[in-house]
Every structure is written in structure tokens, then in C-alpha cells.
1. Among the residues of the stretch 6-37, which ones are more than 7 Å from ligand 1 (Cβ to nearest atom) and part of a helix (DSSP H, G or I)?
2. Exactly one of these conditions fails for residue 51: (1) more than 9 Å from the chain's Cα centre (by Cα); (2) within 8 Å of ligand 1 (Cβ to nearest atom); (3) closer than 16 Å to residue 8 by Cα. Give me its number.
3. Residues 46, 40, 51, 56: which one is more than 8 Å from ligand 2 (Cβ to nearest atom) and part of a loop (DSSP other than H, G, I, E, B)?
4. Between residues in the stretch 23-47 that are in contact (Cβ under 8 Å) with a residue 12 or more places away in the chain and farther than 19 Å from residue 1 by Cβ and residues that are more than 6 Å from ligand 1 (Cβ to nearest atom) and not in a loop (DSSP other than H, G, I, E, B), which pairs lie under 6 Å by C-beta distance while being six or more apart or on different chains?
5. Which of (1) on the phi > 0 side of the Ramachandran plot; (2) touching a helix residue (DSSP H, G or I) at 6+ places or on another chain (Cβ under 8 Å) does residue 41 not meet, given it meets every other one?
Ligand code: SF4
Ligand code: SF4
């Protein structure tokens, strides 16, 4: 299971990184970085994304 970022939809608002308890998502400059090893699959990021750019992939 992983988190998939749809970069065509993402507007780089930073909402997902703000709610990630493990800092697995990090907004740096104009790119959203995802560190899969840190992710605990809590789903917080998916819920807050205003444009549904995040998807849990099994
Ligand atoms: S599922 Fe949870 S731990 Fe994983 S990136 Fe999203 S907010 Fe962070
Ligand atoms: S919350 Fe959604 S739109 Fe905002 S940075 Fe994260 S993936 Fe992109």
C-alpha cells in the first residue's frame, strides 16, 4: 500500500504535509516529496487534499 500523488491535480498547497504525523510528505520549493518508508498509511493526507490529488494505492 502506498500513496499516489496525481501531480496534474496537485496545486502544492501544503495541506497534506501539514497533517502528516510522520513528515512523510514535504513541500519544498514547487515539488511535493513523498517518503514511503516514513508513511504509516493513516490516510490524513488523502482526507485533507482539496483537489483529491492523493490516493491510497494498494
Ligand atoms: S497516509 Fe498518513 S503518514 Fe502517510 S503520507 Fe499520508 S498523512 Fe503521512
Ligand atoms: S493537499 Fe493535495 S493539493 Fe495540497 S499539496 Fe497535498 S496533494 Fe497537493
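Read the figures in this text as sums done on the coordinates, not as results from a lab. Everything numeric in this text was worked out from a predicted model, so none of it was measured. All Cβ positions, glycine included, derive from the backbone under ideal geometry; neighbour counts span all protein chains shown.
1. Listed by number, the residues that qualify are 15, 17, 18, 36, 37.
2. (2)
3. Answer to the check: 40.
4. Listed by first residue and then by second, the contacts come to 27/17.
5. (2)
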